[in-house]
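The values are calculated or read from the model by the stated rules, or taken from the named source; none is laboratory data. The shown structure was predicted, so the numbers you read here are calculated from the model rather than taken from an experiment. FYI the Cβ positions are ideal-geometry reconstructions off the backbone, even for glycines, and counts take in every protein chain you see.
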Amino acid sequence: LVPLFLFVMTNALPLDLDRVLALLHTPEASVDLRYLSEVDSTNRVAAELPHRSWQHGTAILTDYQSAGRGRRGRVWVAPPCTAVLASTLLRPPSNVEPASFTMLAALAVSDAVSAATGCTSSIKWPNDVHIRGRKVAGILVELAGEGTYRRVILGTGINVNMESRDLPRSNQQASSLSLEAHREVEREAVASSLLDAIHLWYGVLTRAPDALFEGWKARLNMLGATLDIYEESTVWSGVALDVQRDGGLVVQPTSGSPLTLYAADLSVRPRFDVQAAESEVQ
Ligand code: ATP
């Protein structure tokens, strides 16, 4: 049975930054929050902030991106005031695999959407966040600058109060927190949970990087599943065997030896019922 629900969206108001600040628990998360009502891309703004005009924890939040980006030049779609769209700047600790930041962002978004909805969430390799097999958030991690000027930009887009008609047609599996929770969700609460979780997982990354990797691996929803792998103009299939600390996905093709895949080059689609796996993910 499909649950019937009715709720009136009252939350199509601009993000209340004071409320986000009031809800934060982590001091590092409240150092420098900036709100722009509309922008082309929060990751673009974060990448172009001059050195010394940002600090570890600076976050750019907006109600609307006119040119929101996904991975590999894809478009990220969200009508005004329906999503949490944020780019958080971090100083990378030394000797950390770049893939760790993707893991950190995915865990933080997963925590935030679970806290807001009470629903179990899982991670589709490498970093989409799903509830019941539906994509409710996307992540675009970028690194900019060199040496001491290096910055990590965690771009996060969480579909909060989007109705079915607001979801992108390009992804039939997209959903939102309100659709999954059957009620309106407070965007400020999602934003503050996200920022708190980013700093919590950053602490794990600096103190116990193995725990970050294991946490990410435990939340992946596709290990053991048969995948379709879309690489340039070809599609092939294989079974997801494992993941590596550098973010690689180890896949057993139909014939031959296992291969390690990297997300920069391709997209994967699980063929199995993701919900079944999610019931096992905590
Ligand atoms: P996917 O596996 O969904 O293709 P991806 O990781 O390869 O994900 P992303 O960079 O996360 O790609 O996001 C871009 C893709 O996400 C777009 O091609 C589009 O299909 C989909 N998309 C765009 N906006 C949204 C949204 N608000 N919610 C869910 N999916 C979206």
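Residues in the stretch 157-178 that are over 21 Å from Arg269 (Cα atoms) and within 18 Å of the chain's Cα centre (by Cα): Val160, Asn161, Met162, Leu177, Ser178. Screening Val190 with (1) part of a loop (DSSP other than H, G, I, E, B); (2) touching a residue at least 12 places away in the same chain (Cβ under 8 Å); (3) within 16 Å of the ligand (Cβ to nearest atom) gives one miss only, at (1).
Please specify each residue of the stretch 96-111 satisfying the condition of being surrounded by fewer than 21 Cβ atoms within 10 Å (Cβ to Cβ) and in contact with an Asp or Glu (Cβ under 6 Å, 6 or more places away or on another chain). Scanning the stretch 96-111 gives a single hit, Glu97.
All but one of (1) more than 10 Å from the ligand (Cβ to nearest atom); (2) more than 16 Å from Leu220 (Cβ to Cβ); (3) in contact with a helix residue (DSSP H, G or I) (Cβ under 7 Å, 6 or more places away or on another chain) hold for Leu140; state the number of the condition that does not hold. Of everything listed in (1) more than 10 Å from the ligand (Cβ to nearest atom); (2) more than 16 Å from Leu220 (Cβ to Cβ); (3) in contact with a helix residue (DSSP H, G or I) (Cβ under 7 Å, 6 or more places away or on another chain), Leu140 misses just condition (1). Here the stretch 62-100 is the region considered, the condition is being touching a residue at least 60 places away in the same chain (Cβ under 8 Å), more than 13 Å from the ligand (Cβ to nearest atom) and not in a loop (DSSP other than H, G, I, E, B), and the residue that is nearest to Gly248 (Cα to Cα) is Ala99. What number of residues within the stretch 101-131 satisfy the criterion of being touching a residue at least 40 places away in the same chain (Cβ under 8 Å) and out of contact with any Lys or Arg (no Cβ under 8 Å at 6 or more places or on another chain)? Matching residues across the stretch 101-131 total 19. The residues of the stretch 124-157 that are closer than 28 Å to Leu179 by Cα, among the small types (Gly, Ala, Ser) and in a loop (DSSP other than H, G, I, E, B) amount to a single one, Gly133.
Could you list all residues from the stretch 132-166 that are of a type in the set (A, V, I, L, M, F, W, C) and either loosely packed, with under 15 Cβ neighbours inside 10 Å or touching a residue at least 60 places away in the same chain (Cβ under 8 Å) (or both)?
Leu140, Leu143, Ala144, Val152, Ile153, Leu154, Ile158, Val160, Met162
Residues of the stretch 158-187 that are near the ligand (Cβ under 9 Å from one of its atoms), assigned to a loop (DSSP other than H, G, I, E, B) and of a type in the set (A, V, I, L, M): Met162, Leu167.
Just one of the listed residues (Ala218, Ala112) is at pLDDT 95 or above and either under 23 Å from Trp54 (Cβ atoms) or within 16 Å of the ligand (Cβ to nearest atom) (or both), namely Ala112.
Note on the stretch 43-61: residues that are of a type in the set (A, V, I, L, M, F, W, C) and either out of contact with any Ser or Thr (no Cβ under 8 Å at 6 or more places or on another chain) or within 9 Å of the ligand (Cβ to nearest atom) (or both) total 2. Has the stretch 22-39 got at least one residue that is closer than 25 Å to Leu261 by Cα and either part of a strand (DSSP E or B) or touching a His at 6+ places or on another chain (Cβ under 9 Å) (or both)? No, the stretch 22-39 contains no residue that is closer than 25 Å to Leu261 by Cα and either part of a strand (DSSP E or B) or touching a His at 6+ places or on another chain (Cβ under 9 Å) (or both).
Would you call Thr260 part of a strand (DSSP E or B), more than 16 Å from the ligand (Cβ to nearest atom) and loosely packed, with under 15 Cβ neighbours inside 10 Å? Yes, satisfied.
Please work out if Asp242 is modelled with pLDDT of 95 or more, of a type in the set (D, E, K, R) and away from the ligand (no atom under 16 Å from the Cβ). Here the answer is yes, as Asp242 does meet what is asked.
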